[in-house]
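Participant: I have a structure here, written as structure tokens, and I will follow up with some questions on it.
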Amino acid sequence: MDRVESLVELDRALGTRRESLIALVPTMGALHAGHEALIEKAKSLARTTVLSIFVNPLQFGDSTDFARYPRTLAADIEAARRLGVDVIWIPTAEDMYPPGKKITLIDPGPLGNEFEGAIRPGHFAGVLTVVSRLFDGVRPRFAIFGEKDRQQLELIRRMVKPEGRIEIVGVSSIREEDGLVLSSRNRFLTDLERKRALGMYRAINHAQQVGGDGVAAVNAVVAEELIALDVEYSQLVDAQTWEVVSNDFSGEAILVIAAKVGSVHLIDNGLVRIG
């Protein structure tokens, strides 16, 4: 496995590999089983798998949150080697955002200001900007993202759609044994907070069970399951348009949930078939 930092080193490591299919797995490190699933998917699609690790300051509105984000680089490198990654790219902030050069943020459009974007202003502009720069550096044919961050996945798909040179591949969320969706932030939960957080998982399961009874029935059971949580948003959106559905909606919807559990911001989502 080649470990690189600068763009020059990345170009050298990829070299003739650019003549074959390349799959990129962009991460912020603190790798867990969810990331492993992304890497395995990348390996199934392309001859060369590139894993990037970069904690992107542009997507953190709170400097404290940025500083607190878990960094486990030594373990991440070992995991990448064990999983058969071909190139691990660990750029510095100076590589991604050269000093003295103006950073032009990518506008995520109206959806970027909804749900996660509403409670974290500027977050998705930062995400799209760094993802675009990672794409420019690697020039992959495939880019692999987890469906846990489903709104992010949708916005990245919209960003690349006009060009179509990169296929954005979503991988189903990986959950722990109790159903809590895997996240680097789970390590900050106490045992009691973790039990409360499972209300999000129960809400998704219950919503999927009563989807045939319509939107009102789904919203009722979701509200019941989330009653003990500090809910930041909970909405059923059309899986195609991402517009909040009306009570007479029928078809595939996505239940998107975010809650503050203790000091930890958690998100989850699930596909719900309505009607």
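Participant: If you go through the stretch 118-131 one residue at a time, do you hit one that is closer than 29 Å to Ile254 by Cβ and out of contact with any helix residue (DSSP H, G or I) (no Cβ under 9 Å at 6 or more places or on another chain)?
Facilitator: Yes: one or more hits.
Participant: Which numbered condition in (1) modelled with pLDDT of 95 or more; (2) under 17 Å from Pro140 (Cβ atoms); (3) assigned to a helix (DSSP H, G or I); (4) among the small types (Gly, Ala, Ser) is the only one that Ala37 fails?
Facilitator: Result: Ala37 fails condition (2) only.
Participant: Tell me the residue from Val50, Val25, Val85 that is of a type in the set (Val, Ile, Thr), part of a loop (DSSP other than H, G, I, E, B) and in contact with a strand residue (DSSP E or B) (Cβ under 6 Å, 6 or more places away or on another chain), please.
Facilitator: Val85
Participant: If we only count strands (runs of 3 or more DSSP E) wholly inside the stretch 191-275, which ones have 2 or more residues that are in contact with a helix residue (DSSP H, G or I) (Cβ under 6 Å, 6 or more places away or on another chain) and either among the charged types (D, E, K, R) or in the same structural domain as Glu116 (by TED's automatic domain parsing) (or both)?
Facilitator: 264-274
Participant: Take Ala203 and decide whether it is surrounded by 16 or more Cβ atoms within 10 Å (Cβ to Cβ) and either under 21 Å from Ile119 (Cβ atoms) or modelled with pLDDT of 95 or more (or both).
Facilitator: yes
Participant: For the stretch 53-82, name all the residues that are more than 19 Å from Ala143 (Cα to Cα), part of a loop (DSSP other than H, G, I, E, B) and either aromatic (Phe, Trp, Tyr) or in contact with a Ser or Thr (Cβ under 8 Å, 6 or more places away or on another chain) (or both).
Facilitator: The answer is Phe60, Tyr69, Pro70.
Participant: So which of Arg139, Arg150 is over 25 Å from Ser63 (Cα atoms), charged (D, E, K, R) and in the same structural domain as Glu36 (by TED's automatic domain parsing)?
Facilitator: Arg139
Listed here are the residues, each with its yes/no results for (1) over 21 Å from the mean Cα position of the chain (by Cα); (2) within 18 Å of Val210 (Cα to Cα).
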{"residue": "Glu225", "(1), (2)": "yes, yes"}
{"residue": "Gln235", "(1), (2)": "no, yes"}
{"residue": "Val245", "(1), (2)": "yes, yes"}
{"residue": "Val256", "(1), (2)": "no, yes"}
{"residue": "Leu266", "(1), (2)": "no, no"}
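Participant: Go through (1) on the phi > 0 side of the Ramachandran plot; (2) in the same structural domain as His35 (by TED's automatic domain parsing); (3) not basic (Lys, Arg) one by one and return the number of the condition Phe145 breaks.
Facilitator: (1)
Participant: Counting only residues that are out of contact with any helix residue (DSSP H, G or I) (no Cβ under 8 Å at 6 or more places or on another chain) and among the β-branched types (Val, Ile, Thr), how many does the stretch 140-190 have?
Facilitator: Final tally of qualifying residues: 1.
Participant: Looking at (1) touching a strand residue (DSSP E or B) at 6+ places or on another chain (Cβ under 8 Å); (2) modelled with pLDDT of 95 or more, which is the one condition that is false for Ala216?
Facilitator: Of the numbered conditions (1) touching a strand residue (DSSP E or B) at 6+ places or on another chain (Cβ under 8 Å); (2) modelled with pLDDT of 95 or more, the odd one out for Ala216 is (1).
Participant: Please verify whether Gly61 is in the same structural domain as Ala143 (by TED's automatic domain parsing) and surrounded by fewer than 18 Cβ atoms within 10 Å (Cβ to Cβ), treating the condition exactly as stated.
Facilitator: yes
Participant: Could you please let me know if Phe145 is crowded, with 19+ Cβ neighbours inside 10 Å, of a type outside the set (Asp, Glu), outside any helix (DSSP H, G or I) and touching a residue at least 40 places away in the same chain (Cβ under 8 Å)?
Facilitator: In short, yes.
Participant: In addition: Failed condition for Val221, given (1) in contact with a His (Cβ under 7 Å, 6 or more places away or on another chain); (2) within 30 Å of Glu40 (Cβ to Cβ), with all others met?
Facilitator: (2)
Participant: Still on this structure, please answer the following. For Ala228, are the conditions met, namely being free of Cβ contacts under 8 Å to residues at least 40 places away in the same chain and within 17 Å of Ser172 (Cα to Cα)?
Facilitator: When the stated conditions are applied, Ala228 does not pass them.
Participant: Taking the residues in the stretch 94-142 that are β-branched (Val, Ile, Thr) and farther than 21 Å from Ile39 by Cα as candidates, determine which candidate is surrounded by the most Cβ atoms within 10 Å (Cβ to Cβ).
Facilitator: In this case the residue turns out to be Thr129.
The values are calculated or read from the model by the stated rules, or taken from the named source; none is laboratory data. Everything quoted here is computed from the prediction, not taken from an experiment. Positions of Cβ are backbone-derived with ideal geometry, glycine not excepted, and every protein chain shown enters the neighbour counts.
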